[in-house]
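What follows is a single structure, written as structure tokens, with notes after it.
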Amino acid sequence: MKPIKLIITALISVCIGGCSSQKELQADAAIENKVDSLLNQMTLEEKLGQMNQLSPWNFEDLAKRVRKGEVGSILNMVNPEEVNKIQKIAVEESRLGIPLIVSRDVIHGYKTIFPIPLGQAATFNPEVVKEGARVAAIEASADGIRWTFAPMIDVSRDPRWGRIAESCGEDPYLNAIMGTAMIKGYQGDSLNDPTAIAACAKHFVAYGAAEGGRDYNSTFIPERVLRNVYLPPFKAAADAGCATFMTSFNDNDGVPSTANSFVLKDVLRKEWKYDGIVVTDWASALEMVNHGFCTDGKDAAEKSVNAGVDMEMVSETFIQNLKQSIAENKVSIETIDNAVRNILRLKFRLGLFDNPYVATPQTVKYAEKHLQTAKTAAEQSVILLKNENQTLPFTDKIKTLAVIGPMADAPYEQMGTWVFDGEKEHTQTPLIAIKKMYGDKVKVLFEKGLEYSRDKNTAGIARAVSAAHQADAVVVFVGEESILSGEAHSLANLNLQGAQSQLIKELAATGKPVVTVVMAGRQLVIADEVKVSDAVLYSFHPGTMGGPAIADILFGKVNPSGKTPVTFPRMSGQVPIYYAQHKTGRPANPTEMLIDEIPVEAGQTSVGCRSFYLDAGNSPLFPFGYGLSYTTFEYSNLSLASDKLTAQDTLSISFTLKNTGKYDGTEVIQLYVQDKVGSVTRPVKELKRFQRVTLKARESTQVSLSLPVSELAFWGYDMNYTVEPGDFTLWVGTNSAKGLTKDFSVSAL
Ligand code: BGC
């Protein structure tokens with residue numbers, strides 16, 4: 001099989017730093033001049049100072065160090081008066097007056113909290129995601145923050161890992177599209193705009209593959225998988241002009257990312273021509289001593305900068321040791337100069353030299369427009385997993401509604417992980433929203449049943465059941481408190497915590513229609529709860545406006561359109577389970593016998609020798625890309641302009657999409673491709689395109705998609721990025737497990 005070599009270098013933009021026009025290229029040349037002339041004036045100590053990022057606990061200590069030029073950036077200062085005060089010291093009292101970059105983890109909103117990134121990914125709507133990041137940037141920059149540590153674009157295939165909440169899910173393409181949208185939103189049209197904040201693609205790289213889903217654990221990802229699965233979102237981020245990258249905590253195949261010169265230098269700098277800042281994660285330089293990879297802080301500093309790191313977050317090994325390392329020729333001055341160049345370049349691009357201060361006071365936080373944008377994002381992020389007998393939306397037959405559960409009125413919990421600045425007083429919960437927005441239509445009986453998601457005390461369940469008996473329908477809000485997901489919050493048990501399962505089952509036993517709404521930071525194992533519920537909505541922690549969004553969905557003002565950005569397992573033991581798995585030599589048949597069907601004393605090979613779990617089977621509870629609507633959609637007439645192509649061609653696909661139900665609705669159409677035979681085994685299918693299509697009831701439309709064949713390239717046996725000629729299958733459909741299909745072939749030129 002002769003691979004079709006693509007000339008990818010020619011495709012790499014000359015101006016990956018984000019400039020697009022001739023004018024901006026000239027501006028960049030001007031910036032390079034300024035960077036060089038400033039660099040020429042700097043002492044070695046001042047250079048190392050620029051490479052030092054601190055999280056201050058004491059203003060006076062910080063002020064002293066800023067004055068001496070020992071700090072290039074700070075994180076976690078959010079009071080604008082204080083920010084201006086420290087900036088003034090940097091600009092007016094340090095020898096060269098170099099401004100600080102003030103940074104913060106603004107992950108899914110600053111004050112107005114948007115759905116967690118996993119929920120944003122469920123919208124399959126990059127526009128809404130971009131808008132969310134824009135709102136976050138406007139609110140954060142009003143407090144002087146000009147750098148956020150987001151987006152996190154770690155491909156995440158293991159819900160035991162709490163940080164899956166911060167990711168855009170299991171798929172490289174979805175992470176690439178959503179990450180790019182966030183970068184555009186944070187950075188705006190130009191970094192120079194005072195409301196622009198520098199984005200940070202993190203964590204570079206493979207952090208999401210932590211063994212066993214335990215945070216900070218080692219990863220073992222070979223280069224080919226790295227390039228085919230984990231690197232593409234980061235490549236997209238570099239191409240989108242993401243101003244900074246952050247190294248990850250994990251060691252991959254024995255090399256901690258903070259000292260991995262292969263990814264930091266060979267890939268990021270040389271192949272991708274990246275000229276932004278590479279910052280370590282929090283103390284990840286010094287932690288290489290814990291890894292047993294460095295003898296001490298000095299060794300850690302040397303290994304980090306020699307691998308291509310520019311700035312160290314908080315552990316101060318650079319500033320403490322690199323002067324000596326240079327004297328000993330263990331680090332070159334060119335290495336230091338390059339790092340400082342990257343840092344100064346960003347400060348100039350952000351306009352900090354001309355405009356170092358933030359205007360106070362500001363009125364943008366929780367602006368009505370921001371709340372509305374957050375509501376739209378929350379609406380589109382909610383996934384309808386089940387809707388038997390059209391339980392939803394509630395009709396006017398429902399006069400009394402029992403609102404139950406520990407997440408119904410939990411303003412802090414529904415904001416989700418990584419919320420340092422959003423205040424729960426601004427959160428609108430489902431209980432409040434239902435009462436406020438639909439209180440004239442239904443009488444609401446509220447019973448928590450359980451105090452919080454982990455509550456094992458079942459004393460309140462009887463009251464919840466009694467409320468259910470008095471109601472025409474029940475909506476029960478369960479899930480996870482925000483502390484159960486996010487950094488360092490891994491779980492081995494993915495079932496609903498506490499007595500939540502019992503609560504749902506006892507409510508279902510009343511015979512009343514039960515709608516279960518799960519608010520969580522990951523996909524949980526909810527097979528039993530889905531079985532006993534009439535309808536199920538899944539809402540990854542939806543943020544400030546989650547309540548109104550869910551209320552409008554329950555009552556039919558909004559038709560749900562979210563899709564799963566991750567595969568939902570039937571049992572925890574199926575994890576990691578993801579749709580793009582490779583083809584095995586012994587795929588399971590749909591007819592495999594499950595554990596209870598196996599006769600006693602069955603012969604060793606009688607169950608078939610297939611790749612299969614006897615107890616859980618292979619299929620997920622819900623596949624990637626799954627989500628229902630109050631209406632139904634029909635796909636038909638799939639056709640290809642040509643089914644015989646070369647690597648230079650573009651695949652043109654068209655099909656008819658019809659809304660066959662009685663509600664207006666939005667479908668996320670999805671295109672998947674399978675490369676049937678490769679020089680290495682390939683995924684069973686890969687997402688290549690998606691699009692939200694809105695249709696009125698009974699309306700139909702012709703959908704056209706085009707996919708350059710070059711996008712079927714992958715890193716094959718010879719580690720070349722190529723499209724291998726041969727046969728392919730494509731699917732268009734409503735999720736990764738269903739769709740119309742056609743074959744096509746790609747021939748060598
Ligand atoms: C996290 C990063 C975060 C940093 C700064 C670390 O513990 O891994 O994602 O940006 O802290 O708060």
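The values are calculated or read from the model by the stated rules, or taken from the named source; none is laboratory data. These numbers come from a predicted model, not from an experiment. Note: ideal-geometry Cβ built from the backbone for every residue, glycine included; neighbour counts use all protein chains shown. Just so you know, the surface numbers come from the protein's heavy atoms only, side chains and all, with ligands and any DNA or RNA stripped out. Shrake-Rupley method; radii C 1.70, N 1.55, O 1.52, S 1.80 Å.
Worth a mention:
- Residue-wise HN-Hα coupling along segment 104-117, computed from phi with Karplus coefficients 6.51, -1.76, 1.60 (Hz; x: Gly, Pro): 6, 7, 9, 9, 9, x, 9, 9, 6, 8, 8, x, 4, x
- Protection proxy ranking, highest mean first, for peptides 395-402, 378-385: 378-385, 395-402, where packing is the per-residue count of other beta-carbon atoms within 10 Å, averaged.
- Amide H contacts of Ile101 (H built 1.01 Å from N, in plane; Pro and chain starts excluded): Ser73, Ile74 sit under 5 Å, all sequence-distant by 5 or more or on other chains.
- Charge dipole (the chain, unit charges on Cβ, about Cα centre) - positive-most of Phe690, Ala196, Phe420: Phe690
- With a Förster radius of 30 Å applied to the beta-carbon distance between Val677 and Ala527, the computed FRET efficiency rounds to 0.30.
- Axis of helix 172-187 versus longest Cα principal axis of the chain: the two differ by about 60°, to the nearest ten degrees.
- FRET efficiency, 1/(1 + (r/R0)^6) with R0 35 Å, evaluated for Asn389 and Ile595 via beta carbons: 0.70
- Taking every protein chain into account, the accessible area of the chain amounts to 38 square angstrom per residue (probe 1.4 Å).
- Computed extension length for Ser639-Ser606: 7.6 nm, one decimal, from 0.36 nm per residue of separation with the Cα-Cα distance subtracted.
- Long pairs among Lys47/Lys265; Lys265/Lys738; Lys443/Lys662; Lys235/Lys386; Lys512/Lys685, criterion Cα-Cα beyond 32 Å: Lys265/Lys738; Lys235/Lys386; Lys512/Lys685
- Residues listed by number, segment 518-535, amide nitrogen under 12 Å from Asn495 label point at 7 Å toward C-beta: 525-529
- Met437 contributes about 70 Å² of solvent-accessible surface, heavy atoms of the protein only, 1.4 Å probe.
- Inter-label distance, Leu614 to Lys273: 5.8 nm, where each label sits 7 Å from its Cα along the C-beta direction.
- Size of charge dipole - the chain - debye, nearest 20, with Cβ of Lys, Arg +1 and Asp, Glu -1, no other charges: 1340 debye
- Expected 222 nm ellipticity per residue - DSSP helices of 4 or more, -39500 (n - 2.57), all of the chain, to 500: -7500 deg cm²/dmol
- Put simply, when 599-606, 452-459, 206-213, 732-739 are sorted by average Cβ atoms within 10 angstrom per residue, most first, you get 206-213, 732-739, 452-459, 599-606.
- Linear extension gain, Ile483 paired with Arg586, 0.36 nm per residue minus alpha-carbon span: 33.0 nm
- The phi-based Karplus calculation (6.51 cos²θ - 1.76 cosθ + 1.60; θ = phi - 60°) puts the 3J(HN,Hα) values of segment 160-171 at 5, 6, x, 7, 4, 4, 7, 9, 9, x, 8, 9 Hz, whole numbers, x for Gly and Pro.
- Cα coordinate range in the chain, projected on the principal axes (Å, largest first): 77, 63, 54
- In this structure, the pairs whose alpha-carbon distance is over 23 Å, taken from Lys399/Lys563; Lys399/Lys424; Lys273/Lys347; Lys184/Lys273, are Lys399/Lys563; Lys399/Lys424.
- Bridgeable aspartates and glutamates around Lys505 (alpha carbons under 15 Å apart, same-chain partners fewer than 8 residues away excluded): Asp528, Glu529, Asp534.
- Angle of helix 297-307 to the longest C-alpha principal axis of the chain, folded into 0 to 90 degrees and rounded to 10: 80°.
- With Cα atoms, 0 to 90° folded angle of helix 461-470 axis to the chain main axis: 50 degrees
- Residues with amide H under 5 Å from that of Ile221, placed H, sequence gap 5 or more: Asp253
- Of all accessible heavy-atom area on the chain, the percent that carbon and sulfur account for (1.4 Å): 50 percent
- Calculated from backbone phi, Karplus (6.51, -1.76, 1.60) coupling profile of segment 49-59 in Hz, x at Gly/Pro: x, 4, 7, 10, 10, 10, 10, x, 9, 9, 4
- For Val155, net neighbour charge (Lys/Arg +1, Asp/Glu -1) across residues whose Cβ lies under 11 Å away: -3
- Amide H contacts under 5 Å for Ser611: Arg586, Ala588, restricted to partners 5 or more places along the chain or on a different chain, H placed in the peptide plane at 1.01 Å from N.
- Per-peptide average of other Cβ atoms within 10 Å, ordering 122-134, 354-366, 508-520 highest first: 122-134, 508-520, 354-366
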